[in-house]
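Only one structure is covered here, and it is reproduced in the block below.
What follows is calculated from the coordinates using simple rules that are stated; it is not laboratory data. In this text, all values refer to a predicted model and were calculated from it rather than measured experimentally. Reconstructed Cβ throughout: ideal geometry from the backbone, glycine too, with neighbour counts over all protein chains shown.
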Amino acid sequence: MTTTEQSQGFKQLAVEDFRISEEPFYLPISDEVELFESAYEQKIPVLLKGPTGVGKTRFIEYMSWKLHKNIQDGQSGVPLITVACHEDLTASDLVGRYLLEGEETRWVDGPITRATKVGAICYLDEVVEARKDTTVLIHPLTDYRRLLPVEKRGELLEAADGFILVMSYNPGYQSALKDLKHSTRQRFIAIEFGYPDRDQETEIITKESGVNPSIASELAKLAEKVRNLKEHGLGEGVSTRLLVYAGKLIHQGISPRRACEVAVVWALTDDLEVQRSIEEVVTSIFEE
């Protein structure tokens, strides 16, 4: 699909297509649900911080489903428009652009413009991957003005009721080139996400993968031990997502050790020495 076709397809989607129709499974770890609800009511932008695979995206999907933009309209949930940020993301990708159609041009709204108009949650996933000059355009949306300049059309859009801007990023990948500008980050409250404790992770793995609780508990135990290897050359601890993948393989009949090998050991690192260390942990937990 070409960029033009993608943009045209996005344009044709109705607001209802961005609502979460069924409740996503999400297990609250702390008070993040209450914090987000309060921020939404006060129209405060939110920054979600945490390692890969700990549930940041699932959390925002859950909150989109849970919130009520307007209880009078009989609709549950606030529309959620997600943007996967990357280094080639431009301001036009977010705001919109003119497209050639035959011998005429027509304007197609970008995701942030659409969210501003309809009062949706606009979620910029892994925002530090985007160019810094791109993220600057969101500043007027994150203070009392709640405005989006659409320079190509000479318009200044006021955010509709229900609009909120949410961003996520992984602090573990911070560097001089990939970090949020202070002028950007101080426009958001920040909710930190970490790894669940063993009991919580066991419940998540059981629910998401379908394995029995005893296997899920062993996978959660494995996670604790592997995360302690961060001091011995492992770049980042094993995510809950990878544990769920391992659980799904086990549920399909793959042996626990083989499932952990492909979903945890090989997925986490290419360093042979670190792989051997993780394999030893796997063997100590799953003997067969």
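When the chain is modelled as a GNM with alpha-carbon springs shorter than 10 Å, which of Arg276, Arg187, Arg257 fluctuates the most?
Answer for the Gaussian network model of the chain: Arg276.
In the stretch 83-184, how many lysine pairs have Cα atoms under 23 Å apart, counting only pairs 8 or more places apart or on different chains?
4
Would you kindly state how much longer the chain becomes between Ser21 and His251 on full extension, computed as 0.36 nm times their sequence separation minus their alpha carbon distance, in nm to one decimal?
Details: separation 230, 0.36 × 230 = 82.80 nm, distance 2.72 nm.
80.1 nm is the gain from fully extending Ser21 to His251.
Relative to the present Cα-Cα distance, how much length would full extension add between Leu100 and Glu280 at 0.36 nm per residue of separation?
In short, 58.9 nm is gained.
Are there trypsin sites (Lys or Arg not before Pro) in the stretch 60-154 that DSSP puts in a loop and that have at most 12 other Cβ atoms within 10 Å, and which ones? Mind showing how you got there, number by number?
Numbers: sites: Lys66, Lys69, Arg97, Arg106, Arg114, Lys117, Arg131, Lys132, Arg145, Arg146, Lys152, Arg153; in loops: Lys69, Arg131, Arg145, Arg146.
Sparse-neighbourhood loop trypsin sites (Lys or Arg not before Pro): Arg145.
Which cross-chain or sequence-distant (5 or more) residues have an amide H under 5 Å from the amide H of Met167, H modelled 1.01 Å from N in plane?
The list, which skips near neighbours in sequence, is Val46, Leu47, Leu48, Leu124.
When the dipole is taken about the Cα centre of the stretch 130-288, and only Lys, Arg (+1) and Asp, Glu (-1) are charged at their Cβ, what size is it in debye, to the nearest 20?
About 660 debye.
Once a ≥ b ≥ c are taken as the square roots of the eigenvalues of the Cα gyration tensor of the stretch 13-152, is the result rounded (a/c under 1.5), prolate (a/b larger than b/c) or oblate (a/b not larger than b/c)?
Prolate shape, in that a/c is at least 1.5 and a/b is the bigger ratio.
Report, please, the projected area of the stretch 198-285 averaged over directions, based on the convex hull of its C-alpha atoms, in nm².
Average of the hull's projected areas for the stretch 198-285 equals 4.8 nm².
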